[in-house]
Amino acid sequence: TGNGSTQGITGVGFQPDFTWIKRQNDTNYHNLYDSVRGVTKWMESNTATAEQTGANRLTAFNSDGFSVGSDHPVNQNTGLYTAWNWRAGTAFSNDASSTSVGNVDSAGSVNADVGFSIIAKTNTGNDNQTVAHGLGVAPDLIIIKNKSVAGSWVIGYNTAGFNWANDYIQFDTGGEKGDGSGTVFGAAPTSTVFTTGSGINGTNGVTQIAYCFASVDGFSKVGSYTGNGNADGPFVYLGFRPAFVILKGISADGGGWMMYDNTRIPYNLNSAKLIANIAEGENANAAGGSSLGVDFLSNGFKHRNDSGANHNTNGNIYIYMAFAEQPFKYANAR
């Protein structure tokens, strides 16, 4: 809960390297921060705006959380906020000319154990930039955003129905999967590098940030499912009890990036949705009401609605990324 001044947020359980903050009860934009770009610098998942800087937003990453200033998107008095946090933690750099890994220098922060890295790079404007990501396995999800100039978020994911040679999807829109004709990613990531084409690389000298995720048994999973258009919706097996799930349609229905977690509503039916590509507060959007949502189960999640806007149109394909708070063997059933 905001206090309109400054405050330290504790109880995260670790020092985060990536913090995503959204006000639940107002239309403030999503604010995304990471330790590679540095505190006080944010980007917005619901806009294509370049990186912005402000002294009164997120001001520090601390050993058990983070600190915020007084600005409305992070700490207005009596405002209700949610923050999702990930830890990378190990400094990473790659001089491509010295290591022969990739053809573009990269640097950032990596946690290979949980399959997460934050990678900064500078564009060359050419096709086929190969960029070291530090994970040691091929990432299943890559999210890239321009920092120094405006540009849409570009996403690639390793699931059925996605072709790295041509396809992409975006955070700041509710659109379906697009076809970049080989100019966006151009090739699937490997255990050492991911590839970007001119559709991402753009103007020479533009700086970018990439968030790379690899699925880890018992902790995280990137995948897809097909909707059945029924209130007894599809069950999606994860192998763990989810703490956070984000869903997106990639076929004809498209739809927003629906976000659910086990903190805003710690019981089923979990109907408290926020939407990554929309600034509105919790359940404010007309895309399904507060009576629609998902169940978080001991080993996955299950849809409890027949609404296409809530990602269960019969025959349509949806992608998801899901994270646990702890390994499945320690989780309690619901």
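Here are a few things to note about the model shown:
- Note on the chain: with a GNM built from Cα contacts shorter than 10 Å, the maximum mean-square fluctuation among SER271, SER191, SER97 falls on SER97.
- Heavy-atom accessible surface of the chain: percent carbon and sulfur, 1.4 Å: 46
- For LYS221, the solvent-accessible surface computed with a 1.4 Å probe is close to 60 Å², ligands and nucleic acids excluded.
- Gap separating the Cα centres of the stretch 123-160 and the stretch 1-49, nearest whole Å: 22
- Ordered by 1.4 Å accessible area with all protein chains kept, GLU44, GLU325, GLU176 run largest first as GLU325, GLU176, GLU44.
- Entries in LYS22/LYS221; LYS121/LYS273; LYS221/LYS273 that, when Cα-Cα distance is taken, lie over 25 Å: LYS121/LYS273
- With 10 Å bins beginning at zero, the pair-distance distribution over Cα atoms of the stretch 1-64 amounts to 19, 55, 25, 0 %.
- Evaluating kT/(6 pi eta Rh) at 20 °C and 1.002 mPa s, with the Kirkwood radius of the stretch 179-281 over Cα pairs in the Stokes-Einstein relation, gives 126 µm² s⁻¹.
- Rg/Rh, computed from the Cα trace of the chain with Rh as the Kirkwood radius, has the value 0.94.
- Computed with a 1.4 Å probe over protein heavy atoms only, the accessible surface of the chain comes to 37 Å² per residue.
- 222 nm mean residue ellipticity, helices alone, for the chain (DSSP H n ≥ 4; -39,500 (n - 2.57); rounded to 500): -500 deg cm²/dmol
- The stretch 1-128: translational diffusion in µm²/s, Stokes-Einstein, Kirkwood Rh over Cα pairs, 25 °C, 0.890 mPa s: 156
The values are calculated or read from the model by the stated rules, or taken from the named source; none is laboratory data. What you see is a predicted model, and the numbers here were worked out from it, not measured in a lab. Ligands, DNA and RNA are stripped out before the accessible areas are found, and what is left, the full protein with its side chains, is counted by its heavy atoms. Shrake-Rupley method; radii C 1.70, N 1.55, O 1.52, S 1.80 Å.
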